[in-house]
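Down below is the structure, laid out as structure tokens.
The values are calculated or read from the model by the stated rules, or taken from the named source; none is laboratory data. This structure is a prediction, so every number in the text was calculated from the model and none was measured. Here the Cβ is made from the backbone with ideal geometry for all residues, glycine too, and neighbour counts use every protein chain on show. Accessible surface areas use protein heavy atoms only, side chains included; no ligands, DNA or RNA. Shrake-Rupley method; radii C 1.70, N 1.55, O 1.52, S 1.80 Å.
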Amino acid sequence: MNRTGKILLVLALVGVVGMAFRVSWNALRDVAHAIGADATAATLYPFVVDGLMALALVATLVLAGRDRVFALRVLATYTIASLVLNYVHGLVPELHGGSVDWGRLADWDPANWALVLLATSLPVGAIYFGSDLVAKVLHHRPTADANQEKNEQATVNQSPSELDVSAPAAPVPVVERVPAESAPIAPAPVMALPAVDRPQRRATGRVPEAARSPRPTRTADELLAEARSVTADWPDADLTAEAIRKAVRTAPAKARALRDTLRAERAENDGAGSAAVAA
């Protein structure tokens with residue numbers, strides 16, 4: 001709906017409410033006369049009842065949460081009270097001409113006592129509930145402003161160290177390089193990271209190719225020479241593919257090929273030595 005349509009709708013609502021108030025004003029004024037109010041008080045009495053209804057309606061549009069529920073209850077209570085008094089005004093013709101006795105709104109005494117109590121308590125309730133609603137509206141803050149103030153207060157309560165120090169970055173995984181020589185390399189000491197209050201994010205996924213250390217590529221001859229050097233003093237029983245694989249850091253298939261080659265060389269050397277001794 002455009003701006004003009006909204007303005008026309010509001011004006012129509014104001015007109016309807018104004019006419020309804022005029023109709024209700026007549027009944028509430030006569031009821032006020034019946035409970036002993038003078039001419040001025042009887043004229044102002046409808047503004048107390050129906051006026052608080054209008055105030056409660058505005059409060060329901062502004063407030064939220066429990067305060068809005070309270071405003072709706074006040075609106076419902078005074079609407080029902082105004083309806084009852086208008087209904088009594090329609091049932092008792094004497095109220096129209098002002099010929100009814102003071103304090104007499106019904107022939108049955110219990111009903112009359114209840115109606116007089118209702119009519120006389122509405123002004124007092126208007127003072128209490130009206131003041132409470134106005135105080136709630138004046139102290140009401142929109143949700144966005146309340147959230148912003150909470151965030152600012154949380155920032156103020158934080159210590160300078162919490163504001164300056166950010167969460168530690170995830171450690172970069174270290175890939176060990178394959179040694180080119182047969183001698184084992186002692187692992188470098190691992191430095192302990194300082195303990196922090198905030199949880200660290202674990203590195204997930206595979207390490208990018210660019211972050212990996214290059215693995216040296218060895219030819220078959222270089223690999224065989226390295227295996228000969230490492231296993232030179234090994235007994236024949238220890239010359240297995242698994243032991244060779246761990247010693248030279250190679251694949252299982254290449255380790256088996258190296259085992260067969262080294263065993264064949266040892267067998268050939270042992271045969272040549274035996275022949276020389278026999279000669």
Residue-ordered couplings for the range 51-59, obtained by feeding phi - 60° into the Karplus form 6.51 cos²θ - 1.76 cosθ + 1.60 and rounding to whole Hz (Gly and Pro as x), are x, 5, 4, 5, 5, 5, 5, 5, 5
Carbon/sulfur accessible area of the range 1-121, % of total, 1.4 Å probe, equals 70
From highest to lowest solvent-accessible area (probe 1.4 Å; ligands, DNA and RNA excluded), VAL137, VAL17 read VAL17, VAL137
For GLU242 and HIS139, extending 7 Å from Cα along the Cα-Cβ vector and measuring point to point gives, in nm, a value of 7.9
From most to least accessible, 1.4 Å probe, no ligand or DNA/RNA atoms counted, LEU224, LEU133 line up as LEU224, LEU133
Taking 0.36 nm per residue of separation between ALA12 and ASP107 and subtracting their Cα-Cα distance, the length gained on full extension comes to 30.2 nm
Given 235-241, 55-61, 122-128, the highest-first ranking by average Cβ count within 10 Å works out to 55-61, 122-128, 235-241
Sorting ARG68, ARG3 on solvent-accessible surface, 1.4 Å probe, most exposed first, gives ARG3, ARG68
Scoring only Lys, Arg, Asp and Glu (+1, +1, -1, -1) among other residues with Cβ under 14 Å from the Cβ of VAL23 yields 0
Per residue convex hull volume, Cα only, the range 26-101, in Å³ is 78
With label points set 7 Å from each Cα along the Cα-to-Cβ direction at THR219 and MET1, the distance between them in nm comes to 9.1
Taking only the alpha-carbon atoms of the range 52-95, the convex hull volume per residue, in cubic angstrom, is 48
